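*Asks:* Okay, handing you the structure first.
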């Protein structure tokens, strides 16, 4: 997971959210112990954008 490219920026960065999910700047990273990690994205996204359906199956992740 540490080697995956993940954009980091403010949660209001619509240009980045159109591309993918976004790690919110100033929050912890998933591999940091007891970190508060915030990852944001549009569940359905926008058709034609690379973020389209990025979180669509979020409710069935294990």
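No value in this document is a laboratory result; all are computed from the given coordinates. These numbers come from a predicted model, not from an experiment. Because the Cβ atoms are built from the backbone with ideal geometry, glycine has one as well, and the counts that use them run over all protein chains shown.
*Asks:* Quick one: the Cα spread of the stretch 7-62 along its three principal axes, in angstroms, biggest first?
*Replies:* Principal extents (Cα only, largest first): 36, 27, 13 Å.
*Asks:* Something else now. At 0.36 nm per residue, minus the direct Cα-Cα distance, what do residue 11 and residue 53 gain on full extension? Give it in nm, one decimal, please. Could you put the intermediate results ahead of the total?
*Replies:* Working: separation 42, 0.36 × 42 = 15.12 nm, distance 1.79 nm.
Working it through step by step, the gained length comes to 13.3 nm.
*Asks:* How do 20-30, 34-44 rank on mean C-beta neighbours within 10 Å, highest first?
*Replies:* Values: 20-30: 14.7, 34-44: 12.8.
Ranking, from highest mean packing down: 20-30, 34-44.
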